[in-house]
Every structure is written in structure tokens, then in C-alpha cells.
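One structure is given here, and the rest of the page talks about it.
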Amino acid sequence: MSLPRTVDGGISATYALGLQMGYILAIDQGTTSTRCMIFDSAMAIVASDQQEFAQHFPQSGWVEHNPKDLWDTTLATCRGAMKRAGVTAADITAIGITNQRETTVVWDKATGEPIYNAIVWQDRRTADLCRDLRDAGHEQMITERTGLRIDPYFSSTKLSWVLDHVDGARDRAANGELLFGTVDSYLIWKLTGGAVHATDATNAARTMLYDIRKGRWSKTICDLLTIPMQMLPEVKDCAADFGQTQAEHFGAPIPICGVAGDQQAATVGQACFKPGMMKSTYGTGCFALLNTGDTPVTSENRLLTTIAYQLDGKPTFALEGSIFVAGAVVQWLRDGLQVIGDAAETQALALQADPNQNVVLVPAFVGLGAPYWNAECRGAAFGLTRSTGPAELAKAALESVGYQTRDLLDAMSADWQASGVQPTLRVDGGMSESNWAMQFLADIIGAPVDRPEIRETTALGAAWLAGMHAGIYPDQAAFAAQWACETEFAPNMADAARQDKYASWKKAVQATMNF
């Protein structure tokens, strides 16, 4: 095996630190596809493979996956990436797993066969049960323990639904015949041949069953939903021993040493290890996490309190906010209005927009997320004139993402109340490729926005957790020191203009919710 080299031919920092050499296999199991990436000992990507799988919509508001598809695409992409990299299981030091969060799987403990499809995080079928829990006065208790709002988004009510609607499931669960897990747990179980039933603290924190302050499953909430605690996986650190894969899968056993939910893995991949550091991932929607250190901050602004990562038994907490529509607003311009043919066109159009038009687009196509949490309102545009065209709409669409991010940042800053500390924002995801959108983001929040050299932050986070635990990647401080910024977008908008534009956005949001 050759020594890992930097782009200028020097020996990599990883090797210079005296760490072992080897490859890390990162599984990134997402909502619409599964990817596998092979990282070398210098944390460079050497190969990847990706497969999409079917989405199932049995009824309005229901979203399901066939767990067999999640498993099959995981095996296929791991084998595909290994083949492309020209490596065998003997070359791979460890596996890291990152996954779509909250998605719920229940399977037979003896056979490993799911008793129902995976219920996806987007699924809303338990809205009535959530309403009943709120009406019965349980929200304060659940929020105090889990940091979450009562919502169908999270796993607990999905699990309760499966137990209620699959024949014999409640009796079988009570008898110890069934197991529950988020997707990471299910993949660990399958990879280890049923030897390990475990999850990590970040995924546990998204179930609405885990007491993030006490670091254990909440018997009170489990009893409330009649969920037998013997169904639940063991909760481990993000970097820990999660067992070994069966030899039949890849030709030889490989240790599983790192696990984190996708947004937390991106937080790790962005090296947001200090309180006040914030990452924002722009995909279809946007998820922002603000590191609050060892303090679980209770939000007064309708944000979520969660675990950013847990190492050496010590959780690091975060505030999280979600934007429902980020990249999806560009998809709407392309597929709905058909004013662009490709997402990349929005930047050029925004540059052509008439600066004298103040068009504000509120993309509440599926309601507004944090900090508004208004599921009923729908999108609206304000300030249209006879001369408004595709350029102005494209500009307004990109600006809407910046405005929504400022909403989250302002709410997080108010909750955290870290006097005098300006959050540092690191960005990733598809929309972060737009220089225009990132410059406007910096302008509207009045702070620098850093875009990293490595954009695959989710897979990188999972890989680092596994590689660090296995001893081939540097520790937290050294990893953070290696994080590299490709572009820093510095704000250059006058403060008066910034405040005027943001005031227009706030008025537009209020008018949209009023309508």
C-alpha cells in the first residue's frame, strides 16, 4: 500500500501523526438512496457507489420504505464501492454508518424479518395520536425529557402505531419476540447477523423515547405508549464497538466503529466541536444545528434540543431547527413554473434581476418549519409588478433560503443567550454550491459563511467517527485542525439595507400565515 499523499505530493498529516493506515467504509443510508464511500487513511474519498430505492405512499400523508430495499442497497453499494476502489475486506479497518433519522423499523428477533414496512420520518399518520397526547397534557413532560415537540416526525408514535395495527404485535412485543430500531439499528442487526442490537445517542435522541439529560430510555414515556423496553436497542457512543459484520457479506468480518444520524454526522464532518459553531445543510429542506456544549438548552423559540454527538460517554448538545423548503424552491421554479431548465440557472438569473423590484417569496408549500411550525399555511409571493419575470422570481427564491436561515439563527441565538458570541456558520449540501445564494446568506445574517473543501460532510462525519475509534484517524482536535474552508463569504450589505430587507420578509411571513 502506498503512503497517503497530499495534493502537492507531501506525506499526509494523518500519516505524519503516526496513525495506522487503512480504509474506512462509510454507509450513508438516506431517504431516497443509499450510498457507500471508501475513505483512505488521509480521509480522502477513493470510491463511491449509490443506488436509489422505491418510495411507497399507501395513503395520503403516509410514507414507507421496504426494509429489504434498505438492506439490499446497503449491501450492493458497499460491494460496489469496494470493487471500484480495488479493496477487499482485509483492507478496510472499520465501517461507519449514518442514516435517515426517525424512520422506524420493527422486526422479528428470531428471523430478522420486519413485521411491517419502515415508516419514514416524513410520515404523518400518527397526527391524531400526537394531538391526543398534547390534549392529555403530556407535552411538557416529553419535551423536558427528550428535548422534542410531540410530533408524528419522531419514532415513538410510529412504533406505537405498528404495535397497534399489525396482528398480534403487542403480544409478541410483550413476550420479547420483536425488536425496534431506527435504520442504523436495523442495519447493524443485519450486518452482524443478529449479534448486536444497538444504536447511538444521536439516533436515540430522535425517537421521542430517550431521556437526553439522564442518558437512558424513558420508562415513563414507554409506559405511556405501552412500548416494552426490551424492544429497544442498547445506546452507545457515536464512536464505539458495534460488533463485526458477518464474513459472508464482504468476504471477511469488518468492525463497525461509528454511528450517527445524518444531520449529526454532518455536524461532526464540519468539525463543529465548539459551542457556538453551527452547520446548515441545504438539501430539499435545510437542517441547522448549533453546538451548545455540555448544556441541553431548552428552547423558548420552538426549536428542538438534541444531542449533537456523544464521545467517551459525554454528550454534546445542540439546538436544531428545520426549514421544510430550501432546494425544493429551485425545483419548483424548474418543474412547477418551468421558468428554468436546470437548477444551476438560478444564479445567473439572480444576477440579472431588477434591483428596484422587492419581490419576496415565502415558500410555504408544505407549511413553515422552525421557528413558526405552521403546517396549515401555504406559499405566497409579494411585491409582484407587471415587469416581474423569471429573473426576479429566481432571486426571490434564493433569498427565501437566506431569510429562513436567519429566522433559525436568530431563534438559536436568543435561546442560547451566549452573550457576545457570534455563531460561526458552516454550510454544505447542494444549494451551498451557489455562490450567489451563499453571499446573500452572509449578507442577511451579517456574519461570515464558510463553505468547506470537502462537501460530503455527512459521510465524512461517519467515516471519522469509525476511523478515530479504530485508531487510523486523528483525535477531535487534530481533525478539527484539518478542516479546510474553500470559500468564506463575508457580509458586504449595509446594515440599514439588511434590516429593511429582513423586515419585509417578516411582514410577508405574517401575511402568509394570516391568509
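Results, tabulated for the structure shown:
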quantity	calculated
Ala459 of a type in the set (Gly, Ala, Ser), outside any helix (DSSP H, G or I) and open to solvent by less than 30 Å² (accessible area, probe 1.4 Å)	no
Near pairs, Cβ below 6 angstrom, 6+ apart or cross-chain, from the stretch 211-232 (over 16 Å from Thr306 (Cβ atoms)) to any residue that is surrounded by 13 or more Cβ atoms within 10 Å (Cβ to Cβ) and of a type in the set (Gly, Ala, Ser)	Leu225/Ser156; Leu225/Ser160; Pro228/Ala173; Pro228/Ala174; Met231/Ala173
Sole exception among (1) aliphatic (A, V, I, L, M); (2) surrounded by 14 or more Cβ atoms within 10 Å (Cβ to Cβ); (3) within 23 Å of Met493 (Cα to Cα) for Ala348, by number	(2)
Any hit, the stretch 137-158, residues being among the aliphatic types (A, V, I, L, M) and in a helix (DSSP H, G or I)	yes
Qualifying position, being surrounded by fewer than 18 Cβ atoms within 10 Å (Cβ to Cβ), among the charged types (D, E, K, R), touching a Gly at 6+ places or on another chain (Cβ under 9 Å) and part of a loop (DSSP other than H, G, I, E, B), among Asp354, Asp342	Asp354
Some residue of the stretch 315-326 being among the β-branched types (Val, Ile, Thr), open to solvent by 10 Å² or more (accessible area, probe 1.4 Å) and over 25 Å from Gln510 (Cβ atoms)	yes
All positions within the stretch 46-105 that are farther than 21 Å from Arg206 by Cβ, assigned to a helix (DSSP H, G or I) and of a type in the set (Val, Ile, Thr)	Thr73, Thr77
Unique match (being open to solvent by 30 Å² or more (accessible area, probe 1.4 Å) and within 30 Å of Glu376 (Cα to Cα)) among Ala481, Ala511, Ala497, Ala490	Ala511
Which listed residue is open to solvent by less than 40 Å² (accessible area, probe 1.4 Å), touching a residue at least 24 places away in the same chain (Cβ under 8 Å) and at positive phi, from Gly402, Gly367	Gly367
Hits in the stretch 161-205 - residues which are assigned to a helix (DSSP H, G or I), under 13 Å from Ala260 (Cβ atoms) and among the acidic types (Asp, Glu)	Asp184
Residues (without any contact (Cβ under 8 Å) to a residue 60 or more places away in the chain, of a type in the set (Lys, Arg) and open to solvent by 10 Å² or more (accessible area, probe 1.4 Å)) located in the stretch 115-169	Arg131, Arg134
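The values are calculated or read from the model by the stated rules, or taken from the named source; none is laboratory data. These figures come from a predicted structure and were not determined experimentally. Glycine also receives a Cβ, built like all others from the backbone with ideal geometry; neighbour counts cover every protein chain displayed. Please note that ligands, DNA and RNA were not included when accessible areas were found on the heavy atoms of the full protein model with its side chains. Shrake-Rupley method; radii C 1.70, N 1.55, O 1.52, S 1.80 Å.
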